[in-house]
Amino acid sequence: MHRASGRRFNFVGKGFVSTALFALLAACGDPGVDEDTAPVSTPTTEQSAEGSRLPPPGTPVPDPAPELPPEPQAEPWFHRLGGPQDDVGTGLAVDGTGHVSVAWVSTPRQDADRKPVEGERLSLNLARYAPDGRTLWTRDFPRNRVEALRVVAAPEGALFVTGNAFLYDIDFGLGAASKGFLVKFSPEGTALWQRRVGQKVYASVADGAGGVLVAGEDWTNGHAPLLARYDAEGNELWTRRLDAVDEGSELRAVALGPSGQVLLAGRLQGALTVDGQTFGAPGVQGLLLLSFGQDGRLAWGTESRGVDGHVSSVRADADGGAVLAGEFSGSFSWGGTPLSGPGAFVLAVGLGGAERWARTLACGASPSAPAVARDGAGQVVALCGALLSTYTADGTQREQQPLTPGECSGQTCQVTGTALDVVPGKGLALTGRQLHGDAETGDQEAFVRLLTP
């Protein structure tokens, strides 16, 4: 395990702020008596027994209460992942006990017209870490090509890995996984079952019962957004195949609310009718957020027509709303706040899709698709490129801080974050890529780290 360098990130909210204990000592007197002239009386034993502040003579004086030790503070940790090839972390998840799991891919450098390096290879990797950063296990799967590799964690520690094997199959130990795949792993890293989910899988979220919700696309008859729900044993609970959408549509971000609410968000090109309600319009682009009930039926939807944008991350909140992050060009208004691009955004919706607040999101010198998380107090944490930004539940910005590199003393290092999640009571876990040296000859490696308050 390696300790992270750089300043710690400051959080406010449940699970992030340590509480100190204070003893209040007050001497009480009669404000109506002058202390210089008031007579001094000696209390009797009887007076003491009837409630005087002074104990009777001979009463033992108790020892003062011992001071409680300060709450232990988590230590930040950092791991570099990969080898001589280009490596990048693409997915990260935290389970109910604070264990951190990360998925990353390794790609030979000649894929980007760079000179080959001895020992480089193609692989898909999965690893799990204890809350204190100890490596518990790592799995390495040879591959040819994979797209949209993600990992999510069930509360008890099981992992769900999704992605697209769009050219060649991948073997996770259960036979060939092709096209849009979903694989469940035990907390110990053993592949338990796998399913094919349509042609493409883009995102997933685990539920509290050990099951999983998956968002993707079916290409049986046009490109149709797809939602599928599986239980802990891999049994299909329900599947929603929406109508085929126009080219350019990207409904690829998914979230699951505490009451079973399913959220699907992204870019809509043209029109889409869901359970009798039509969104968008022919020839028009926009952002769309759909909410489904536990049975997969549409509850409500909200849209912002004319927006040239994409949604890369969505998180539900306890009140039935959500917060979204993405990228856009041009300009649009949300909740009365005008946004002007090109750039990134973070915006919030309330119950029923009501517009709440929106902010332009800074990304730094190495932008990437933004990601967003929420802590137990409703605080919003957004990651874009090399910058972390925090907002209160009502959208007030609290802090903006650049990501510092880990293990990069004396070198030129560029850090780009790609995914994050809250570790309750400890801080934030992040993954992404870190370039050591220049773009042509340097070594790009994946990383996973814990940032503490």
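The values are calculated or read from the model by the stated rules, or taken from the named source; none is laboratory data. The structure displayed is predicted, hence computed values, not measured ones. With ideal geometry, Cβ positions are generated from the backbone for all residues, glycine too; neighbour counts draw on all protein chains shown. Protein only, heavy atoms only, side chains kept; ligands, DNA and RNA dropped before computing areas. Shrake-Rupley method; radii C 1.70, N 1.55, O 1.52, S 1.80 Å.
Once the whole set of protein chains is in place, how much accessible area is left on THR302, using a 1.4 Å probe, in Å² to the nearest 10?
Answer for THR302: close to 20 Å² accessible.
How far apart, in nm, are the 7 Å Cα→Cβ label points at ARG241 and LEU167?
Calculated label separation equals 2.8 nm.
In nanometres, what is the gap between the two model label sites at GLN73 and ARG145, each 7 Å from Cα along Cα-to-Cβ?
For the pair GLN73/ARG145, the computed spacing is 4.9 nm.
Keeping all protein chains in place and using 1.4 angstrom, which order do HIS223, HIS79 fall into by accessible surface area, from largest down?
HIS223, HIS79
Relative contact order for the range 193-299: what is it in percent, counting Cα pairs under 8 Å that are at least 6 residues apart? Could you put the intermediate results ahead of the total?
Working: 251 pairs, mean separation 19.7, N = 107.
This gives 18 percent for the range 193-299.
Quick one: net charge of ARG398's neighbours, Cβ under 13 Å, K/R +1, D/E -1?
Spelling it out: positives minus negatives among the neighbours equals -2.
Given a 1.4 Å probe and heavy atoms of the protein chains only, how would you sort GLU303, GLU217, largest accessible area at the top?
Largest accessible area first, the residues go GLU303, GLU217.
Would you tell me the accessible area of PHE181, worked out with a 1.4 angstrom probe on the heavy atoms of the protein chains, in Å² to the nearest 10?
0
Suppose every Lys and Arg Cβ carries +1 and every Asp and Glu Cβ carries -1, with no other charges. What dipole size does the range 100-372 come out with about its Cα centre, to the nearest 20 debye? Please report the intermediate quantities before stating the final value.
Values: 25 positive and 29 negative charges, 77 e Å.
Charge dipole of the range 100-372: 360 debye, to the nearest 20.
Accessible surface of CYS363 in the full protein assembly, 1.4 angstrom probe, to the nearest 10 Å²?
20
Mind putting a number on the dipole of the range 257-352 about its Cα centre? Charges go on the C-beta only, +1 for Lys and Arg and -1 for Asp and Glu, and I need it in Debye to the nearest 20.
100
Compute the Cα gyration tensor for the range 100-372, then decide on rounded, prolate or oblate, letting a ≥ b ≥ c be the square roots of its eigenvalues: rounded whenever a/c is under 1.5, prolate when a/b is larger than b/c in the other cases, and oblate in all that remain.
Because a/c hits 1.5 or more and a/b exceeds b/c, the range 100-372 counts as prolate.
Hey, can you find the accessible area per residue of the range 100-372 for me, probe 1.4 Å, expressed in square angstrom?
39
Rank-order 381-392, 324-335 by packing density, defined as the average count of other C-beta atoms within 10 Å over each peptide's residues, highest first.
381-392, 324-335
Given Cβ point charges of +1 (Lys, Arg) and -1 (Asp, Glu) and nothing else, what value in debye, to the nearest 20, does the dipole of the range 300-429 about its Cα centre take?
80
Run the reach check for LYS426 against aspartates and glutamates, Cα to Cα strictly under 12 Å, same-chain hits fewer than 8 apart removed. What comes back?
LYS426 reaches GLU71, GLU75, ASP132, ASP375.
Please list GLU445, GLU250, GLU188, GLU355 from largest to smallest accessible area, probe radius 1.4 Å, with all protein chains kept in place.
Per-residue accessible area, sorted high to low, gives GLU188, GLU355, GLU250, GLU445.
Taking the Cβ of GLY385 as the centre, find all other residues whose Cβ is under 15 Å away and add up their charges (Lys, Arg: +1; Asp, Glu: -1).
0
Take the alpha carbon gyration tensor of the range 104-177, find the square roots of its eigenvalues, order them as a ≥ b ≥ c, and report rounded if a/c is under 1.5; if not, report prolate when a/b exceeds b/c, else oblate. The partial results should precede the final answer.
Working: a/c = 2.36, a/b = 1.46, b/c = 1.62.
Since a/c reaches 1.5 but b/c is at least a/b, the shape of the range 104-177 is classed as oblate.
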